[in-house]
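Structure first, commentary second.
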Amino acid sequence: MKDGYIIDYISGLEVRATLEEVEAVQVFAKILVEDYGYPK
């Protein structure tokens, strides 16, 4: 994996590891799938 990138929880693709992506988008995506049963 490239520096400054993370793996997107939903798509499995590399995305830029911005503060918003790391602390909001990925956190809420994981909650929606694991806690509320939304499909990936």
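Computed values, structure above
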read-out: Hits in the chain - residues which are of a type in the set (Asp, Glu) and without any contact (Cβ under 8 Å) to a residue 12 or more places away in the chain; value: Asp3, Glu20, Glu23, Glu34, Asp35
read-out: Residues satisfying the stated conditions in segment 15-40, i.e. of a type outside the set (Ser, Thr, Tyr), assigned to a loop (DSSP other than H, G, I, E, B) and under 21 Å from Lys2 (Cα atoms); value: Ala17
read-out: Residues of the chain satisfying the condition of being surrounded by 13 or more Cβ atoms within 10 Å (Cβ to Cβ), out of contact with any strand residue (DSSP E or B) (no Cβ under 9 Å at 6 or more places or on another chain) and of a type in the set (A, V, I, L, M, F, W, C); value: Ile10, Ala29, Leu32, Val33
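No value in this document is a laboratory result; all are computed from the given coordinates. Keep in mind the model is a prediction, meaning the values are calculated, not measured. With ideal geometry, Cβ positions are generated from the backbone for all residues, glycine too; neighbour counts draw on all protein chains shown.
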